[in-house]
1. Picking from R138, R103, which residue would you name as being closer than 30 Å to A50 by Cβ, at pLDDT 95 or above and among the basic types (K, R)?
2. Regarding A56, is this residue closer than 28 Å to Q210 by Cβ, surrounded by fewer than 18 Cβ atoms within 10 Å (Cβ to Cβ) and modelled with pLDDT of 50 or more?
3. Looking only at segment 53-62, which residues are within 20 Å of L201 (Cα to Cα) and of a type outside the set (F, W, Y)?
4. Just need a number here: residues in segment 175-211 that are small (G, A, S) and crowded, with 21+ Cβ neighbours inside 10 Å.
5. Within segment 71-84, track down each residue that is assigned to a loop (DSSP other than H, G, I, E, B) and under 19 Å from the mean Cα position of the chain (by Cα).
6. Could you say which residue among A9, A50, A65, A25 is part of a helix (DSSP H, G or I) and modelled with pLDDT under 95?
7. Test each condition in (1) modelled with pLDDT under 95; (2) loosely packed, with under 15 Cβ neighbours inside 10 Å; (3) assigned to a strand (DSSP E or B) for V235 and report the one that comes out false.
8. Find the strands (runs of 3 or more DSSP E) located wholly in segment 92-165 whose residues include 3 or more that are surrounded by fewer than 18 Cβ atoms within 10 Å (Cβ to Cβ), and list them.
Amino acid sequence: MTLDHKLVASLSRAQFDAAHSQGYAETLVQQTETARQLFLGNFDGVVPVAQAFADAWLGIGVASALDGELLVVDGVVWRVPDTGLPEVADPQLLVPFAIAERRAPEGAIHRDQIPAGTTFQQLGALVAAADSSCVTLRLEGVFSDVVLRSEHRQEPPYRHLDEVLREDSHQEVRWHFPKWEGVMVGYRFPDAREGVLLPGLHLHALSADQKTGGHVREMTVHTAELTWAHAQVQVTVPTKVLTTRTSPSTYDSTRR
């Protein structure tokens, strides 16, 4: 099924407002562009970091041309390129895809100690999202068997994301850590929303010493606290005009 971006952009402002009036959304997550566009290889940036993560407390994304994984920790936007060395992202750096949360109300935040031995896959099952929401996550502590990744900068014509990440393409860079300490931030989306949202659990990481980071492929909890909240998602789809993308229009996914 082909995603109609004009239809996506025109839908459900009323749905989103209705969800708020009924008390569904205490926390708002704002996403730039659809997951489908990222999967199809549309890696050119559409908005700058300063716009995609404005006032964000937590967030993830990728840099233009897949030139680094992005994450927001305590309001600071970090970029982890293929060197694996985190750096504070340039506010004017363009991003093709980003997900950002402005800090949830204190009453909406939950805190739990995660049992030792919990794996990435098991964490995803623990925080499975309901059909009408996502879960925002911040997991901080000590971990073992951690595998983080980033990618080499891509050049047009871009390949689909799954081709870039395929092992024989040699575009993905991985780092393995028997023991690792730091913070992982991200989102758990419902599994059935492929196309608009990223299905499943997605975490990006920054070490406590700010010397390592990237997209989390694997990890096992040694000791960690999880801070989480349910949220509704507002998706902004920038309109494409020839080779530029301007005039963002908004789609809000609530009860789909």
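1. Step by step, each of R138, R103 is checked, and only R138 is closer than 30 Å to A50 by Cβ, at pLDDT 95 or above and among the basic types (K, R).
2. Spelling it out, it is not the case that A56 is closer than 28 Å to Q210 by Cβ, surrounded by fewer than 18 Cβ atoms within 10 Å (Cβ to Cβ) and modelled with pLDDT of 50 or more.
3. Within segment 53-62, A56, L58, G59, I60, G61, V62 qualify.
4. Of the residues in that region, 3 qualify.
5. Taking segment 71-84 first, the residues assigned to a loop (DSSP other than H, G, I, E, B) are 74-75, 81-84.
Hits for segment 71-84 are D74, G75, P81, D82, G84.
6. A9
7. For V235, the failing item is (2).
8. Working: elements: 97-101, 110-114, 134-151.
Here the list reads 110-114, 134-151.
The values are calculated or read from the model by the stated rules, or taken from the named source; none is laboratory data. Bear in mind the structure is a predicted one, so any value in this text is a computation, not a measurement. Positions of Cβ are backbone-derived with ideal geometry, glycine not excepted, and every protein chain shown enters the neighbour counts.
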